[in-house]
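Working notes for the structure below.
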Amino acid sequence: MQFITTEDFIEALYSASNYLEQNKTKVNDLNVFPVPDGDTGTNMSMTIKSAVKQVKSTSAKAIDEVATEMSRGALMGARGNSGVILSQLFRGFAEGLKGKEKVDTQSLAYAMKKASEMTYLAVMKPTEGTILTVGRESAEFAMKNAKKYKDILEFFEAVIARAKESLSNTPNLLPVLKEAGVVDAGGQGLVTILEGAYLALKGEAVTSIGEEESTVSKGAPVRSEISTDNIKFGYCTEFIVTTESDHVEDLKAKLVERGDSLLVVGDDKMIKVHVHTNDPGLALQSGLEFGFLKDIKIDNMRIQHSERLFSADQVKEKQAEEKHEDASPLKPYGFVSICAGEGIESIFKDVGVDYLVTGGQTMNPSTEDILAGINKVKAEHIFVLPNNSNIFLAAEAAADIAEKDVTVLKTRSIPEGITACIHFMPDQSVKDNIEAMMAAVEDLKTAQVTYAVRDTEMDGITIKKGDFIGLSGKKIVSKGPSIEETTIDVLKYMIDEGSSFISLYAGSDVADEGIASLESALDEAYPDLDYDVMRGDQPIYYYLISVE
């Protein structure tokens, strides 16, 4: 096999996606911390699935065009930092294939080189011992040895061997991996993708995703407005326009007045449209002005959310209200927050957040999910609160795509997001607000209480599967026989002479009796400190904690 054709490439992509889906739990379980939030495999799998979906929807024939579609789909569906990095790897790979009709060993090596370069550009502070290293060292091997190989299969097999060697070395580059006794999860995900593609090239394509059960939440993040009974535009309308020239901006201009949650992406061959509108017919007519329509999908969101129909009079009245609201001027500032749990959502609503994107640990929202939230908020400047470091890259990608003035505040936890909102000053400038909010965040101490999903030894603490453990920053600081005792131990680590107030957010698995027991323990341990225990209803963590 001397060349990879378009058909080979597509089959390799599908096989890689299925193989990663089969093995995502193995990737998830490589999480450094022994806590139930390992989601690298899930995020990478959902990202490559989005790439597959995009490729299946296109009529592209040339291999470079298919690669571009793959890249576009991966970007819009990217979840978590690992998913965003994978989307950038695909983007660089697609750039490396520009102008190619088929791919030989040298073309493949060059595309891998471009892919690696793009991933390093995507990360503010690249860390070695991660997927970046595995991608780079594989590409360097490919560039150095491509001329020695004529057979694609032999070459690909050698590249995978080098990728595995690089992966096995990641613990020597990143001490936290060595301490946990694991290799890098993102690097393992990349190796799995390469293996899945190789199986297809040698005629053993993975055509089924298998029956593996994931250890993480199966529910994909869904966009959620604070009030689902106040849907301004009732029809979620999606379609693809097949065109002969670049009309992306022209179609976007046509649709901008038709509704909200507008997403128009594409090039001179295809335009993908997503819009919430009250007249999907007009949206489709706008698309017809620029080409042929396909993959039309229209959902009545009012029925989906409310499970009821409005009378004609009610619809007319509601449309009149919506028209009036849409004509109102933009407010100076708006907020989008990523969170999970009814209590947490209610708190964010109380502190002024306009739009909530459901997500967090084990269910990172995609770039498209966050972008939809940004598009929903009618404000001159929008602040996005990721509330999880694994969502930073997807949030920043959404901010880059958005045609609005957006700042991503790098809040690493729910308490940090709430604190940022509390310190927001509506009469101050964007710059002053960023400084004030992030200063408050940096002064805050935060921690979480959860349980161990495997045996390990970290930070000098021997941990058994099922132990209750407390984490602060990137350290395990306590373990205990009960949730309450572990929480008190975590607070001992956090509290000092300058501490004045404790906030605790109880998770969905904490009973009212457990909260009462913790309050009694707090009264005894810290009689001079004020505290507040609130219902957060978040998954995974029994308690989210902050100390001021």
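Among the GluC sites (Glu not before Pro) in the stretch 486-546, which ones are in a DSSP loop with at most 12 other Cβ atoms within 10 Å of the Cβ? Mind listing them?
GLU497
Just the Cα atoms of the stretch 235-301, one point each, no solvent: what log10 I(q)/I(0) does Debye give at q = 0.17, 0.18 Å⁻¹? Result of the Debye calculation: -0.47, -0.53. What would the Debye equation give as log₁₀ I(q)/I(0) for the stretch 405-477 at q = 0.12 Å⁻¹, counting only Cα atoms as equal point scatterers? Debye output, listed in q order: -0.47. Applied to the stretch 46-57, the Karplus parametrisation 6.51 cos²θ - 1.76 cosθ + 1.60 on θ = phi - 60° returns per-residue 3J(HN,Hα) values of 5, 5, 6, 4, 5, 5, 4, 4, 5, 5, 5, 8 Hz, with x for Gly and Pro. Pairs over the 25 Å Cα-Cα cut-off, from the set LYS26/LYS98; LYS164/LYS475; LYS114/LYS475; LYS98/LYS272; LYS294/LYS404; LYS114/LYS150: LYS26/LYS98; LYS164/LYS475; LYS114/LYS475; LYS294/LYS404.
For HIS381, the residues whose modelled amide H falls within less than 5 Å of its own, excluding neighbours fewer than 5 places apart on the same chain, are TYR333, GLY334.
Amide H to amide H, with H built 1.01 Å from N, LYS100 comes under 5 Å of ASP64, counting only residues 5 or more places away or on other chains.
When the Kirkwood radius is taken over all Cα pairs of the stretch 3-95, what Stokes-Einstein diffusion coefficient follows at 20 °C and 1.002 mPa s, in µm²/s? Walk me through the numbers before you get to the answer.
Working: Rh = 13.4 Å.
Stokes-Einstein gives a translational diffusion coefficient of 160 µm²/s.
A viscosity of 1.567 mPa s and a temperature of 4 °C, combined with the Kirkwood radius over C-alpha pairs in the Stokes-Einstein formula, give the chain a diffusion coefficient of 52 µm²/s. Secondary structure note: in the chain, about 70% of the DSSP beta bridges are antiparallel.
Once you've got the Cα coordinates, tell me which of LYS349/LYS479; LYS113/LYS148; LYS100/LYS148 are over 23 Å apart. Present the calculation step by step, with values, prior to reporting the outcome.
Working: LYS349/LYS479 33 Å; LYS113/LYS148 17 Å; LYS100/LYS148 21 Å.
Beyond 23 Å between Cα atoms: LYS349/LYS479.
All of the numbers you see were taken from the coordinates with simple rules; none came from a lab. Everything quoted here is computed from the prediction, not taken from an experiment. Backbone-built Cβ (ideal geometry, glycine too); neighbour counts: all protein chains shown.
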